[in-house]
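Derivation of every value follows stated rules applied to the coordinates shown; laboratory data play no part. In this text, all values refer to a predicted model and were calculated from it rather than measured experimentally. Cβ sites come from the backbone with ideal geometry, for glycine too, and all protein chains shown count toward neighbours.
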Amino acid sequence: MLAFIRGQLISIAFVVFVLGLIFHFIQFFRLTRKKEWAYPPLEIKSQKKTPGQWVTSCLASLNGTLWKTYPVVTVMTSVFHVFLIGVPLFLLGHNMLLSQSWGLSFWSLRESVTDVLTVVVIVCAAFFLGRRLFLARVRAITTAYDYLVLLIAVAPFLTGYFAYHQWFDYRTVMTIHILSGVVMLITIPFTKLGHMLFFFLYRFLIGTEYSFARGARAW
Amino acid sequence: MSHQELKPVDTKQIQGMLSRKKGKMKRFLSYCAHCSLCAESCFLYMEHHKDPQYMPSYKAINSLGKLYRKNGKVDRKLLTEMKGIVWRNCVLCGRCYCPIGIHIPSMIAFARSILRSQDVYPQLDEVSSESWL
């Protein structure tokens, strides 16, 4: 059983993860079409600015954005999402296993760095949990499913931290760590965890007022 | 009893409408992270002392979300409750902002279409009696 969890199950999870994402990517392009119209580009000539004016205009451009209305949440969520994806990819232990299995790996961060970043992810998750529990507006739309999704996202980091520091029984913690990682990979394409990736499709490819790029597609 | 309350709900028609836009709308609903970051982009939320009922996500989840969750099998009482959410609590100004890129106004507009198909919509005398404006 343990050999299956540490071997084939991880491969199955990767296959489901990749195929699930491909399926949703194809569905996205099937559900959207090229826009037939576009706003004409604004013709605003930028004037030369002094450094002071430049800083002022940059700060002014934050007005009405989440950086201005919810600065703490914006920083926490940005950090959380970047490290949630980055830490497992550039973790030395993961890359050694990848190298052993497939003969290829990413470059790795120092273990002391990933250890701290893991704590950062856990702290951010605790912050999100606190928002869900204590903020009326978040509680108003929170269901048990939201807590489950948060648990799925943070469990690999918690168990990974325990395993690295060899807290509790190492083999048991490591098995739970692998299982939680497998659950996370499998659920990403089929649950709201998918927003981590579909955020890029929606904000860059769909043309709306709030697009980050000049989105050329419409629903 | 008004005409709106008498007509039975046509579940098949609602299901047909839900199914036509299922691909887009179910994606919107399932990728909503329930983060509430859309709240302050709604002027009605701000004007009503930050009452969560006026949050764009709350309105979408409790109207269209409920319709999908119940697969269109809803009674007139629930549709009437939704009427308040999608007409009184939202003016469809289109200013709501979702960090993930979910287009909330299209969800509210779609919920309105479904309700309208069942003859559930605000009526002039109702507007004055309930002080909707």
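Angle of helix A:170-187 to the longest C-alpha principal axis of chain A, folded into 0 to 90 degrees and rounded to 10: 40°.
Between residue A:26 and residue A:106, the distance separating the two model label sites (each 7 Å from Cα on the Cα→Cβ line) works out to 2.7 nm.
Over the whole of A:140-146, what's the average partner chain Cβ count within 10 Å per residue? Rounded to a whole number, please.
Per-residue shielding by partner chains comes out at 5.
Against chain A, whose longest principal axis comes from its Cα atoms, helix A:144-164 is set at around 60 degrees. What shape does segment B:3-120 take by its C-alpha gyration tensor, where a ≥ b ≥ c are the square roots of the eigenvalues and a/c under 1.5 counts as rounded, a/b above b/c as prolate, and the rest as oblate? Verdict is oblate for segment B:3-120.
Label sites at residue A:151 and residue A:48, each approximated as a point 7 angstrom past Cα along Cα to Cβ, lie 6.2 nm apart.
Only helices enter this figure: runs of n ≥ 4 DSSP H residues, each worth -39500 (n - 2.57), summed and divided by the residues of chain A, yield -21500 deg cm²/dmol at 222 nm to the nearest 500.
The calculated P(r) of segment A:52-142, using every Cα pair and 5 Å bins from 0, goes 3, 12, 14, 15, 13, 11, 12, 10, 6, 3, 1 in percent.
With both labels modelled 7 Å from their Cα along Cα-to-Cβ, the residue A:2 to residue B:68 distance reads 4.3 nm.
In peptide B:92-105, what is the residue-averaged number of other protein chain Cβ atoms found within 10 Å of each Cβ? If you can, show how the numbers build up before the last one.
On the way: counts 0, 0, 2, 2, 1, 7, 5, 11, 7, 15, 4, 5, 0, 0.
Across the residues of B:92-105, the mean count of other-chain Cβ atoms within 10 Å is 4.
Summing charges over neighbours of residue A:175, with a neighbour being any other residue whose Cβ is under 10 Å away from its Cβ, gives +1 when K and R count +1 and D and E count -1.
222 nm [θ] for chain B, helices only, -39500 (n - 2.57) per DSSP H run of 4+, per residue, to 500?
-12500 deg cm²/dmol
Using only alpha carbons, chain A has a radius of gyration to Kirkwood radius ratio (Rg to Rh) of 1.03. Expressed as an acute angle from 0 to 90° and rounded to the nearest 10, what is the orientation of the C-alpha long axis of helix A:92-102 relative to the principal long axis of chain A? It is inclined by approximately 80 degrees. Entry note, segment A:52-142: relative contact order of 22 percent, from Cα contacts under 8 Å with a spacing of 6+ residues.
Please give the FRET efficiency for residue A:92 paired with residue A:169, using the beta carbon to beta carbon distance and R0 = 30 Å, rounded to the nearest 0.05. Can you show the working numbers first?
Working: r = 23 Å, r/R0 = 0.75.
With a Förster radius of 30 Å, E is 0.85.
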